[in-house]
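Below is one structure, written out as structure tokens, with a few remarks after it.
The values are calculated or read from the model by the stated rules, or taken from the named source; none is laboratory data. Because the structure is a prediction, the values reported are computed rather than measured. Neighbour counts are summed over all protein chains in view; Cβ atoms, including those assigned to glycine, are modelled from backbone coordinates with ideal geometry.
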Amino acid sequence: MSRAIFIAVVVILAGRFGNHYDVVDAQTRSRNLPEFEVDKAWPKLPPNMKLGDASSFAIDAKDNVWLLHRPRTLKPGEPAAPPVVVFDASGAFVKAWGNEDAGAHWPEREHGIHVDAKGFVWITGNNCPTNGIAGLKPLNDDQILKLTGDGKVALRIGESNGSKGNADTRNVHRAADVWVHPPSNELYVADGYGNHRVIVFDAATGAFKRMWGAFGNKPLDDDHCEVVTLKSFPPGQGSPNFSIVHALRVANDGMIYVADRENRRVQAFTPNGTFVKQLVKTDTQFARNLALSNDPVQQFLYVGNGMEITIVDRRSLEIVGTIKVPGMIGGGHHIAVDSKGNLYIAGTAAGLQKLTFKGLAIPK
């Protein structure tokens, strides 16, 4: 191929993907990558409060760290903290609240938390009536709660046991994660465990906007309580349907990244649901969760990968590094990044952890 033809091909591809994905040269793997170390002193919880399984983290505009945990995983009689616990940037306890204000609408099994740019707190749950977990009511968590910073209900999307499947535009079905995109004020939902789609609502009113499945296809119903861990994977691009849509992040430029956990892949979409590209890694427990690096262009996508966190170049969706530091609890259930670049891991039964960002360096 001549140099002129090669350049023309590159230009065409860049235009096709809206300049979000560039050709990655040989220097990519030797560039500076983020480094971390475990903060052993974080957090500082009051002695009269115990945490259950740590499910998810969110970061607000002041770098307060919001933890969603599962108090009902503690033994009876233990002094459980309310399900939402807030720490400041140093790890000091700020406040805690939970289901007393949301009442019957509070999820039976806490799963995802997000704090949007206006300070509203979004909560999802993933309980299934036949999951066999002791102490939980036989309900489907088919609702999303929007709450004030003090736990007062501002909006509710959906109803417990309300889902009618992937075509339902009023209810979710055991949604895993949410993210509000400030410029559009749209709520993107990783929906999730019972459904297999991304669904978008107006964050102010809860009105349905649009939805899509894997590759931008129409999402298909395949509802079951048990998590099906695949032993083998279809060749080529993989399954035409999402499995568990476990995490979702919307970048500053509007690109949407979805962790399709059991299919072990990350898919990228434009805001209208047009499929752009995917990264598949089936040899490890890849695509457990997602977070975006804090630099202005968000050059890195962090992806939970078993006991590690994989560093992915966001533009090319190529793996460029790994986060695995001494004392790390693993790749986590959900992860979050603050404005300083620090990384927070919610590891359910493995606990919770802060990884302090140490800067960028060329890998050794």
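Conditions (1) in a strand (DSSP E or B); (2) in contact with a helix residue (DSSP H, G or I) (Cβ under 9 Å, 6 or more places away or on another chain), marked per residue:
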residue	(1), (2)
I311	yes, no
S316	no, yes
V320	yes, yes
M328	no, no
Handout entry: Flag for V178 being closer than 16 Å to R261 by Cα and assigned by TED's automatic domain parsing to the domain that holds L292
Key = yes
Exercise for the section: Quickly run through region 347-364 and pick out the residues that are surrounded by fewer than 15 Cβ atoms within 10 Å (Cβ to Cβ), of a type in the set (D, E, K, R) and modelled with pLDDT of 95 or more. Expected result: K358
Practice task
Report, by residue number, each residue of region 254-276 that is touching a Phe, Trp or Tyr at 6+ places or on another chain (Cβ under 9 Å) and at positive phi.
Solution key: R264, G273
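Among the residues of region 223-233, is any modelled with pLDDT under 95, part of a loop (DSSP other than H, G, I, E, B) and aromatic (F, W, Y)? Talk me through it step by step, then tell me what you get.
First, pick out the residues of region 223-233 that are modelled with pLDDT under 95: 223-233.
Subsequent filtering for residues that are part of a loop (DSSP other than H, G, I, E, B) retains 223-233.
Of the ones still in play, those that are also aromatic (F, W, Y) are 233.
Scanning region 223-233, I find at least one residue that is modelled with pLDDT under 95, part of a loop (DSSP other than H, G, I, E, B) and aromatic (F, W, Y), so the answer is yes.
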Exercise for the section: Would you check if there is a residue in region 109-123 being within 24 Å of H196 (Cβ to Cβ) and surrounded by fewer than 24 Cβ atoms within 10 Å (Cβ to Cβ)? Expected result: yes
Practice task
Tell me, please, whether a residue that is closer than 17 Å to I199 by Cα and modelled with pLDDT of 95 or more can be found in region 275-285.
Solution key: yes
Practice task
Kindly list the number of the only condition in (1) in a loop (DSSP other than H, G, I, E, B); (2) in contact with a strand residue (DSSP E or B) (Cβ under 8 Å, 6 or more places away or on another chain); (3) aliphatic (A, V, I, L, M) that fails for V297.
Solution key: (2)
Handout entry: Long-range neighbours under 7 Å by Cβ, at least six apart or interchain, first residue surrounded by fewer than 15 Cβ atoms within 10 Å (Cβ to Cβ) within region 36-53, second not basic (K, R) and not in a loop (DSSP other than H, G, I, E, B)
Key = E37/L355; E37/T356; K44/A92; K44/F93; P46/F93
